[in-house]
Each structure stands twice: as C-alpha cells, then as structure tokens.
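The structure appears below as structure tokens.
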Amino acid sequence: MTELRARPRIAYQGEPGAYSHAACREARPDLEPLACPTFEEAFEVVVSGGASCAMIPVDNSLGGRIAPVHHLLRDSDLHIVAEHFHRVRHCLLSLPGADPDCIRRVKSHPQALLQCRGRIRALDLEPVECFDTAGAAREIVEEGDPEVAAIASRIAGESLGLVIVKEGFEDHANNVTRFVVMSREPVDLDPQVGPFVTAYVFAVKSVPAALYKGLGGFATNGVNLAKLESYLDASFSVAEFYIEFEGHPESAAVRNAIEELGFFSTSLNWLGTWPADPFRGGAKELRMIE
C-alpha cells in the first residue's frame, strides 16, 4: 500500500487567520501553511528542512518596513526567491452581544494598530499591542471582556465566532503588505526572461562619500534602485545596507554596477534574484481571501 505524502510546507509567523497565513494561501496554494510563533522560528524551520520556504512580510504601504525582519534577512543563510503583494483589509472585531459603543480597548499587532491609528484615535480607543493579529482575536475570546475588541482579518473573526463591527478599518484603502518568499536554495532564472529584482547586503568603507560613490554605478549603468535600508553595528561606527534593484546579476549593466559598488564596500553579499511581481507596474489586481 502506497503511503500518501504530505504536501511541502510553507512557514509563516502568526496563527491561522493571520495575514501571513492568507498570503500563503493566496500566493502558494500548492503548499501546506505552517504556523510559527516568531519570525526567527519561521526562518529556522526552513533552514532545518522542516518547511520548503517561508512567507515573510517586509514592507507595508501604510506602516513602512517590518523592522525585526530586516535583521533576519541580513543574518540568515536563506535566499529570496519570490515576492507577493497582499491587500490587507482589517476588521474591528468584538465579542458576540457586546455593545460597540462600550468598547474601550483594542488589541492587535503593532503594524495593524499603526495602519488603523486614525480610526482608533477617532473612537478614543486604547491600543494594546499583541504579537499577532489572529492571536489578538483569540485573546479577546479567551478573556471574554466586552470592552475589548481586536483588529484582525475577516477569516480570523469568522473562525472564532466574533462579530465584525467594522470592515475596512484601516485608515487608507491602499493598505498593501509586500511579502518575500525565503528558501534554502536560490531559484534558477533565465536572465533573458524578466523583469527581475535582486537584493544584496553590503557594508561600505569608512571613508567620506563611500555610499555616494558606491551607488554611482547604478546611475551610470541605468540600473533602477527599488529599496535601500541602513543598519548600524553595535559600535555605531560601520554602516551596512540592504539594497534591492531591478535587473539580473548576469546582465552587463547590473554586473558593472555591482563591480563598482564592490570598490567602495568591505563586504557584499547576494541575497537573491526573483521575478518582479506585476504589482510593481500597477498591472496586478490584488485579491482578498474572504
């Protein structure tokens, strides 16, 4: 008798019903989502072989970068192999039978609270930080306090039997989170079939204008920069940077730009090259998983 093999797994941080879970279902329905309590554990389970890849949020159009993740991107041995843009639609959730006018506090992940800060302030609610949006919804069920609400997804609320007080609770409709898919092995891509995005981490020499000169090669070679984030070491004396740009490392323009960056860097590490999501060009209509 042939034993049925489980589907390969994709790790994410959070509980079932979290937006990372929804992004896994939306972008990689062929993989089995695997919930992890922390980002560190999501990375570790991929490194150890317990999952084939991980869905990791890196930026939000309202809240900015997901700060803890960027240090993990820099320090891990994983590669970025894909990206996914997910439309985030928050719901204000309450206990069944609770009077919406009596809600005094609202729980959620810090990013969700940031994305809804205008509406929270307008309702004069006290924000309470939790590690996860779906976890916040679970907590208000367990605590049973009708004065406490949660900000989470529709699927999280419905799975826990909560009432949707307000859907679309975010301050602006263009609330989009960009995720990257991390894997142990990079993807093998045809350099002639693009467009591509490439990421590096580098440390510049401690000399005046090192960053300016190092990035000059991208301008002279016509390579468009998409993202630049800085880090500081423990001594606050060495600047490191995370950079994303359009193009494949095997193209002549990118190769020349990277070579020039190397002249002004003490370290230069490739994190991955992946197909650019069509959303970057405004061609993708984002779906919501209800």
Q: In a Gaussian network model over the chain where Cα atoms closer than 10 Å are linked, find which of VAL176, VAL193, VAL141 has the largest mean-square fluctuation.
A: VAL193
Q: Read phi for every residue in the range 263-276 and hand back ³J(HN,Hα) as whole Hz from Karplus 6.51 cos²θ - 1.76 cosθ + 1.60, θ = phi - 60°, with x for Gly and Pro.
A: 5, 10, 10, 8, 8, 8, 10, 7, 9, x, 10, 8, x, 5
(Q) Can you tell me which of ALA239, ALA35, ALA149 moves the most in a GNM of the chain? Springs connect C-alpha atoms under 10 Å apart. (A) ALA239
**Q.** For the range 1-61: span of alpha carbons on each principal axis (Å, largest first)
**A.** 50, 24, 16
Q. Out of residues 5 or more away from VAL197 or on other chains, whose amide H comes under 5 Å of its own, with H placed 1.01 Å from N in the peptide plane?
A. GLY247, TRP274, ALA276
Q: Kindly identify the chain as rounded, prolate or oblate by the Cα gyration tensor criterion: order the square roots of the eigenvalues as a ≥ b ≥ c, call it rounded if a/c is under 1.5, otherwise compare a/b with b/c, prolate if a/b is larger, else oblate.
A: prolate
**Q.** the chain, helix-only ellipticity at 222 nm - DSSP H runs n ≥ 4, -39,500 (n - 2.57), divided by all residues, nearest 500
**A.** -7500 deg cm²/dmol
**Q.** HIS109 long-range amide H proximity, modeled H, under 5 Å
**A.** CYS130, ASP132, THR133
Q: Return the sequence-ordered ³J(HN,Hα) values of the range 183-195 in whole Hz as given by the Karplus equation 6.51 cos²θ - 1.76 cosθ + 1.60 applied to θ = phi - 60°, using x for Gly and Pro.
A: 9, 5, 10, x, 8, 8, 10, 6, x, 7, 10, x, x
Q: Express as a percent, rounded to the nearest 5, the fraction of DSSP beta bridges in the chain (both residues included) that run antiparallel.
A: 75
Q.
Probe radius 1.4 Å, ligands and nucleic acids left out: which of VAL238, VAL58 has the largest accessible area, and how do the rest follow?
A. VAL238, VAL58
Q: Amide H neighbours of LEU34 under 5 Å, at least 5 residues apart or on other chains, H built in the peptide plane: list them.
A: ILE10, ALA11, TYR12
Q: Rank these residues by their accessible area, most exposed first, probe 1.4 Å: SER61, SER153, SER159.
A: SER159, SER61, SER153
Q: Using a 10 angstrom cutoff on alpha carbons, build the Gaussian network for the chain and name the most mobile of LEU123, LEU162, LEU114.
A: LEU123
Q.
Projecting each Cα onto the charge dipole of the range 1-134 (Lys/Arg +1, Asp/Glu -1 at the beta carbon, about the Cα centre), which of ALA98, VAL45, VAL58 comes out farthest on the positive side?
A. ALA98
Q: Report, largest value first, the span of the C-alpha coordinates of the range 142-261 along each principal axis, in whole Å.
A: 60, 42, 31
Q) ARG28: accessible area at probe 1.4 Å, nearest 10 Å²? A) 80
(Q) Probe radius 1.4 Å, ligands and nucleic acids left out: which of LYS166, LYS107 has the largest accessible area, and how do the rest follow? (A) LYS166, LYS107
Q. Using θ = phi - 60° and the Karplus form 6.51 cos²θ - 1.76 cosθ + 1.60, what ³J(HN,Hα) does each residue of the range 52-58 get, whole Hz, x for Gly and Pro?
A. 7, 6, 9, 9, 10, x, 10
Q: Taking only protein heavy atoms into account and a 1.4 Å probe, give the accessible area per residue of the range 1-120 in Å².
A: 44
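The values are calculated or read from the model by the stated rules, or taken from the named source; none is laboratory data. Everything numeric in this text was worked out from a predicted model, so none of it was measured. Positions of Cβ are generated from backbone atoms using ideal geometry, with glycine treated the same way; all protein chains shown enter the neighbour counts. Heads up: the accessible areas ignore ligands, DNA and RNA and are worked out on the full protein's heavy atoms, side chains in. Shrake-Rupley method; radii C 1.70, N 1.55, O 1.52, S 1.80 Å.
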